[in-house]
Amino acid sequence: MKFFANVLPAAAVAAAFALGVAAQDFTAVLGSVNGLIQQAQEVGKHLKRVTPGNIQNQGQGVAPAIDTLTANIINQINNVFIPNESDNQKPLNERDSATVAFAFQELTQQEENIIGTLLDDYSLFSKNNFVEFIIKSVREFRTAVTGYTGFLKAAAEPSSDTILAAQENLDNLFEAFVQLYEG
């Protein structure tokens, strides 16, 4: 049984799409994506520093680094995409949507680098008993990424195909992660 099944309640995703959630403004959305790119790059750098010689020290920081990125994704959903009653929400225009979608492609590339590194270093993490912690962190990370993508797609509707295509590549890596780590 795949451990990602039913992780994100379908009703929550459906509600976000049905409401046509619109972001506060272009600057907030683009800033959100760019901030997540920078943090994902930092997580990727941390993962690249893990070697057999320093696995005990650096390896202990892998799950918390992913957890911090996950928490930030959730904060971005709450702060940028979930409208407050007093906010005057409006959808992004085509040009702004395209700019956000382009940035989102970079974000998914950074997230792919994280999952790819975890795949490449599976034997190292497995030999040193970090797999259980990594699985838990990646479960939550995947849920947050999926939710963020749904809100971003709704906010940048004119570029939703580009956003979904970028997410599809990341989803394929998540599935490879499931196969290897759950194996």
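The values are calculated or read from the model by the stated rules, or taken from the named source; none is laboratory data. Computed from a prediction, not measured in an experiment: that's the story for all the values here. So basically every Cβ, Gly included, is an ideal-geometry build from the backbone, and we count neighbours across all protein chains shown. Side chains are part of the model used for accessible areas, which takes the heavy atoms of the whole protein and leaves out ligands, DNA and RNA. Shrake-Rupley method; radii C 1.70, N 1.55, O 1.52, S 1.80 Å.
Observations, loosely collected:
- Within the stretch 154-183, the set of residues being assigned to a loop (DSSP other than H, G, I, E, B) and open to solvent by 70 Å² or more (accessible area, probe 1.4 Å) comprises Gly183 only.
- Being among the hydrophobic types (A, V, I, L, M, F, W, C), open to solvent by 20 Å² or more (accessible area, probe 1.4 Å), under 15 Å from Val33 (Cα atoms) and in contact (Cβ under 8 Å) with a residue 12 or more places away in the chain holds for only one residue in Phe151, Phe133, and it is Phe151.
- Residue match in the stretch 136-143 (condition: part of a helix (DSSP H, G or I), free of Cβ contacts under 8 Å to residues at least 24 places away in the same chain and open to solvent by 10 Å² or more (accessible area, probe 1.4 Å)): no
- Single residue of the stretch 57-86 satisfying the filter (over 17 Å from the mean Cα position of the chain (by Cα) and over 18 Å from Leu30 (Cα atoms)) that is modelled with the lowest pLDDT: Glu85
- Residues (in a helix (DSSP H, G or I) and exposed (fewer than 14 other Cβ atoms within 10 Å of the Cβ)) located in the stretch 49-59: Arg49, Gln56, Asn57
- Considering residues of the stretch 117-164 that are polar (S, T, N, Q) and over 30 Å from Asp96 (Cβ atoms) only, the residue nearest to the chain's Cα centre (by Cα): Ser137
- Matching residues, the stretch 107-130, being charged (D, E, K, R) and either over 19 Å from Gln38 (Cα atoms) or without any contact (Cβ under 8 Å) to a residue 60 or more places away in the chain (or both): Asp120, Asp121, Lys127
- The one condition in (1) under 25 Å from Ala155 (Cβ atoms); (2) open to solvent by 60 Å² or more (accessible area, probe 1.4 Å); (3) not in a helix (DSSP H, G or I) that Leu92 fails to fulfil: (2)
- For Asn113, the stated conditions do not hold, so it cannot be described as more than 17 Å from Thr70 (Cβ to Cβ) and open to solvent by 40 Å² or more (accessible area, probe 1.4 Å).
- Contact map, the stretch 34-63: residues that are among the basic types (Lys, Arg) paired with residues that are at pLDDT below 95 and in a helix (DSSP H, G or I), Cβ distance under 8 Å, separation 6+ or inter-chain. Pairs shown: Arg49/Gln58.
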